[in-house]
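Every read-out reported here was derived from the displayed coordinates using simple, explicitly stated rules and does not represent laboratory data. The structure displayed is predicted, hence computed values, not measured ones. Cβ atoms come from the backbone with ideal geometry, glycine included; neighbour counts cover every protein chain shown.
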Amino acid sequence: MAQLFVVHPQNPQARLLKQAGALLADGGLVAVPTDSSYAVLARLDDKAAADALRRLRGLDERHHLTLLCRDLAEIGHFAKVDNQQYRLLKLATPGPWTFILEATREVPRRVSHPSRKTIGIRVPSHPVARDLIEFAGSPLMSTTLVPEGEEDPLNDAQEIMDRYSGQLAAVVDGGACPLRPTTVIDLTGSVPEVLRLGAGDPSTLGLD
């Protein structure tokens, strides 16, 4: 049975997020609000948690999991970033964007794309997600909480509890958040490629 932590969306209670972080440290999956929609998080160094994330969503190993990072410096530790990519990332983060980048050796093979060796990276702006990453002390694996066979992400903490209580260690209720997923941009080619149009407007980054 998942635990439910009700927190203030702008000033989440540290005591409750530390409890959620402890459940992550124990290998649990935790659903949290972000600046795009609710997502499910797990520790990067936990193989069983990565497998559980994919099972919960019905995803195979070719689907990119995303690393939620605290800042640009942390991105550079887990993804290879050149000067042009860095300028784009600096303009876009934090915010509702996911960038596909070449993974460094710090990213476990089971997390990166099996053939391309790439990883999704983002820096969320939602206080709940950002504070939870801080308490974890390292990037967290994530995937948007879209039920298997459906198209829209979930946006209500109680519905998430009702549907996934047996698969999650906790749900952090920070109220409703946007129902649009992140905009996904592939930065591994010669020019940035928008793979999915979501909450982030590519024109603000100078992209068509």
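Key figures for this structure:
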item: Centroid-to-centroid separation of the stretch 1-50 and the stretch 134-156 [C-alpha atoms, Å]; result: 10
item: Assigned charges on the beta-carbon of Lys, Arg, Asp, Glu; the stretch 3-205 dipole about Cα centre (debye); result: 560
item: Placed amide H near Leu195: partners under 5 Å, 5+ positions off or other chain; result: Val184, Ile185, Asp186
item: Stretch gain in nm, segment Arg109-Asp201, where the contour uses 0.36 nm per residue and the Cα spacing is subtracted; result: 30.0 nm
item: Dipole magnitude of the stretch 101-155, debye to nearest 20 (Cβ charges: Lys/Arg +1, Asp/Glu -1, about Cα centre); result: 460
item: Globularity ratio of the chain, using Cα Rg and 2.2 N^0.38 Å; result: 0.94
item: The chain, relative contact order in percent, only Cα pairs under 8 angstrom and at least six apart counted; result: 33
item: Residue among Thr143, Thr98, Thr188 with the largest mean-square fluctuation in a Gaussian network model of the chain, springs linking Cα atoms under 10 Å; result: Thr188
item: Dipole axis of the chain (+1 Lys, Arg; -1 Asp, Glu on Cβ), positive-most option in Pro139, Pro127, Gly149; result: Pro139
item: Distant-in-sequence amide H partners of Ala39 (H built 1.01 Å from N, under 5 Å); result: Val32, Thr34, Leu145
item: Among Gly175, Tyr86, Leu59 the positive-end extreme of the charge dipole of the stretch 3-205 (Cβ point charges); result: Tyr86
item: Beta bridges by DSSP in the chain, antiparallel share as percent, to the nearest 5; result: 60
item: Inter-site label distance for Lys18 and Leu179 at 7 Å from Cα along Cβ, in nm; result: 3.7
item: Relative contact order of the stretch 81-149, pairs being alpha-carbon contacts under 8 Å that are 6 or more residues apart, as %; result: 29
item: Share of pairwise Cα separations in the stretch 67-147, more than 17 Å, in percent; result: 43
item: Computed label-point distance, nm, for sites Glu151 and Leu59 using a 7 Å Cα→Cβ extension; result: 2.0
item: Using θ = phi - 60° and Karplus 6.51 cos²θ - 1.76 cosθ + 1.60, couplings along the stretch 56-66 (whole Hz; Gly, Pro as x); result: 4, 8, x, 9, 9, 6, 7, 7, 5, 7, 10
item: The chain: angle of helix 14-25 to the longest principal axis, Cα-based, in degrees nearest 10; result: 80
item: Leading residue at positive end of dipole, the chain (Cβ point charges), from Leu187, Leu16, Gln3; result: Leu187
item: Two-site FRET efficiency, Lys90 against Asp51, from Cβ-Cβ distance with R₀ of 30 Å, rounded to 0.05; result: 0.35
item: Electrostatic dipole magnitude of the stretch 110-186 [Cβ: Lys, Arg +1; Asp, Glu -1; Cα centre; debye, to 20]; result: 540
item: Under the Karplus curve 6.51 cos²θ - 1.76 cosθ + 1.60, θ = phi - 60°, whole-Hz ³J(HN,Hα) for the stretch 76-93, x wherever Gly or Pro sits; result: x, 7, 10, 9, 7, 10, 8, 4, 5, 5, 4, 4, 5, 4, 5, 6, 9, 10
item: The chain, helix-only ellipticity at 222 nm - DSSP H runs n ≥ 4, -39,500 (n - 2.57), divided by all residues, nearest 500; result: -8000 deg cm²/dmol
